[in-house]
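A short worksheet on the structure shown next.
The values are calculated or read from the model by the stated rules, or taken from the named source; none is laboratory data. Quantities reported herein were computed from a predicted structural model and do not represent experimental measurements. Here Cβ is always computed from backbone atoms with ideal geometry, including for glycine, and neighbour counts include all displayed protein chains. When the accessible area is computed, the model is the full protein with side chains, heavy atoms only, and any ligands, DNA or RNA have been set aside. Shrake-Rupley method; radii C 1.70, N 1.55, O 1.52, S 1.80 Å.
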Amino acid sequence: MRTVSRVFDVIAAEWEKFRSLRSNGWLLLASLLAVGLSAGVTAMVVRGYDNQTPDERLSFSSVGDGLSTGLPVAYFVLAALGALSVSSEHATGMIRTSLVAVPRRGLLLFAKAPVVAGIGLAAGLALAFGMHAAAMAVLGGRADDRLLDGTTLGTTLSQPGVLPGLLVAGAAGAAAALVGLGVGALVRSTAGALVTLIVILFVLPGAAQVLPRPLGPRVGSFMFENLPEQIAHPHPEGVLGPIAALALLIAYPVVALTGGAAAIALRGRRFRPLAVGLAATVLLALVPALPSSASTSALTWSKCRGEVECATLAVPVDWARPQGRKITIRLGRLPATGTHRRLGVVFSIPGGPGGSGIGDLEKHGASFAELRRHFDVVSFAPRNVTDDGPDRPRAFSLDCLKTGPWIELPDDRAEFAALGERNRAAAEQCRRADPEYFDNLDSASVARDIEAVRAALGEARLSFVATSYGTVPAAAYARLFPGRVRAMYVDGGDGGRPEGEAEQRVRYASIERQFARFAAWCRATTTCALHGRDVVRVWQDLVASADRSPVPVRGRGVAYSGFDFKVAAAPSVVSPGPMPQAPRWHELAAAIAKAAAGDAAGFASYVEAVTGSPKPMSFRGMNMTHCQDGLSVGGYEGYRRLRALGEKVSPNFAGNELWHPLACVGWPAPVKNPPAAPPSRGLPPMVAAGSWTDHDDTAYLVRNVPGSSTIRYDGSGHGLYLSGERCTIAHANRYLLTLTPPAPGTTCAPPAPKP
């Protein structure tokens, strides 16, 4: 008891020393500079931010919790307090008096620790919350503005991880004070101690910033000021895990105090504190060096297309017979940049059906630039890929997949049956090359391939970016493997919505609204080929006339029916290209004007440039997946009902929505992936995004999953993430990073045209 009492007496004496030293009060007052510095730098950011356009603001760097500028200053002041508690006694000669009162040198040093740690803790917490409050006050309502990297301009206390982050940052003030105490005991000179602390807290972090990437950010992760964020923040700027960062934060004062204890022990010839400190230092240093819990991939990656790395994986042709014949699918990866803690894999599912995800990574890799700070981005050339190149199935010739019959609307049961015979014959031309492969090109098989990729990657769960028809295998994956989904963002597709009257109504309403926009644009644009004319009347007269007597493509031996015009015009109506130039609307208007004069060559010209055919073909490469995914008109009676519905609700594009389903009439391969929505349980909240013509369709996929939300793009386009639509990318990245869906009713507007 006497020993314990003696220890408390020594600690109380150290408190009296600290309290009576006037310079300590001035130092604590000077620490408020950190608050002013945070507010000042934030004000400079706000000034620059307010002078930019909304689109340019997306590229700003987040202020975060507002601590990054002032925190090093706060830690320096608190460390200086710790150092002065020792060095001032050496400078004044009071150390001799202290050693007379407390002959045990180790006890004298460590009695100071509770005092400086307590002051550091209280002051650190006050400063952390003060800096945060000052920065958020300057930001005001801008704090919640989304940025391209998935963060917000500021992080308020309501955001996940902010309160724990402030608490850890404040508590680290105690560690800073103890570092100063150890340095002061080691150096025994105020000037020398301050210089050493400046090197630790300012010079070394500054040197790390000028190192080349990714070395610089990785080295910076080990700097004292960057450790609190890596302990508490859910997506920190650093490579250390929370436990490793905590161990390193503790190691800083342990090393410093060990050094101080060593200096005292050598003078007093007591080595036990030195041995204990060294042992603790070694144990703490081992924690960051331990193997991480990151996934272990069974895949071998090598450079193949620019930044893209490639690998291969063998999967069963028929997942109903997993031990049977195998096929090889090619994978692509944009690896994480390595400057932040890796959070896993984002799997990009390409559209089409038949598109190559490897090609998407090569062409649209810039869209994933911010996401790659925390994720590998992986995709593949799926089993049903039809793009030319090494990724397409070797069993089927490109000519077979990229061609197909011209579809017409049947007028009676006999014509419907004849259409089925033509479709079957066209399909069999491809199918006979490899019937087993051809009959297993449905989206559920693609989803099972993705699950095999996940297992080969060694990931517990995947996050998804699914584009256009890629939402169908995404929906299948969500149904088959809900526990393997970390997050799912779907963009511009319907996710396998059953083809019926409700679906047709949504799509017809969408394209009618878009056609009205096209007509309004033409009225307002003097360079439109139909300017000054009633666009709707010209179009309806053209379609009606062509249904009675098809309009020839002069010199080509083919003619366009009204149905052909609708199918050929729809993609241009939906996607006019960059506004206000609208190049595809200009092209469409010119084609309509020429067709109204008796020549469909304008339509044939741009259709042939894309498809190689003067009229739209029903590609077998798309149908081999569509039809196995259950795309159907539901027999002749179902077809008549859907056709009548279109004629009732769509004065300008009636019948257009039947083009794809009619291609599946008579299809030889069975339906293997019937349309169905994801389950309402077992999935995390999902996010859907879509433009004027995509949003309502895409929203269907997430409507039953609790907590899900949508992003409505107030403009034209398709596949917003891959096309680089920055506002949508910002919201999607935030969701993929933090698992926080956007607020209900979130919208994005196209960037204003530059003057």
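Near Q628, once Lys and Arg are set to +1 and Asp and Glu to -1 for all other residues with Cβ below 10 Å from its Cβ, the sum equals -2.
Model label sites at R47 and L739, defined 7 Å from Cα along the beta-carbon direction, differ in position by 4.1 nm.
The listed residues L642, L33, once ranked by accessible area (1.4 Å probe) with the largest placed first, stand as L33, L642.
Helix content alone sets the calculated 222 nm mean residue ellipticity of the chain: runs of n ≥ 4 DSSP H residues at -39500 (n - 2.57) each, divided across all residues, give -16500 deg cm²/dmol.
The HN-Hα couplings worked out from phi for the range 615-621 by the Karplus form 6.51 cos²θ - 1.76 cosθ + 1.60 (θ = phi - 60°) are 10, x, 9, 8, 5, 5, x Hz, whole numbers, x standing for Gly and Pro.
With R₀ set to 35 Å, the beta-carbon distance separating R321 from T747 gives a calculated FRET efficiency near 0.15. Within 12 Å, Cβ to Cβ, of V378, how many net charges do the neighbouring residues add up to if Lys/Arg are +1 and Asp/Glu are -1? That works out to 0. Near F380, the amide H atoms lying under 5 Å from its own belong to G332, G357, I358; only residues 5 or more places off or on other chains count, and H is placed 1.01 Å from N.
Accessible area per residue for the chain, computed on protein heavy atoms with a 1.4 Å probe, is 42 Å². 3J(HN,Hα) along the range 188-200, derived from phi through the Karplus expression 6.51 cos²θ - 1.76 cosθ + 1.60 where θ = phi - 60°, amounts to 6, 9, 4, 4, x, 5, 5, 4, 4, 5, 4, 5, 5 Hz, with x in place of Gly and Pro. The slack between A30 and V203, meaning 0.36 nm per residue of separation minus the straight C-alpha distance, is 60.2 nm. Kindly state, to the nearest 0.05, the FRET efficiency for K363 paired with E421, given R0 = 41 Å and r defined as their beta-carbon distance. Result of the calculation: an efficiency of 0.55. For Y560, the amide hydrogen comes within under 5 Å of the amide hydrogens of V551, V553, counting only partners 5 or more places away or on other chains and with H modelled in the peptide plane.
Here the label points at L398 and S549, each 7 Å from Cα along the C-beta direction, are separated by 4.2 nm in the simple model.
In this structure, the pairs whose alpha-carbon distance is over 22 Å, taken from K402/K615; K402/K648; K566/K615; K303/K363; K648/K672; K566/K648, are K402/K648; K648/K672. The antiparallel fraction among DSSP beta bridges confined to the chain stands at about 45%.
With each label modelled as a point 7 angstrom along the Cα→C-beta vector, the E608-E637 pair spans 4.4 nm. Rounded to the nearest 10 degrees, the angle from helix 501-524 to the longest Cα principal axis of the chain is 90 degrees. Between amide H atoms placed 1.01 Å from N, distances below 5 Å from F464 occur with F347, A487, M488, Y489, all of them 5 or more places distant or on a separate chain. Shape class of the range 500-607 from the alpha-carbon gyration tensor: oblate, with a/c at 1.5 or above and b/c at least as large as a/b. Summing charges over all other residues whose Cβ lies under 14 Å from the Cβ of Q514, with Lys and Arg as +1 and Asp and Glu as -1, gives -1.
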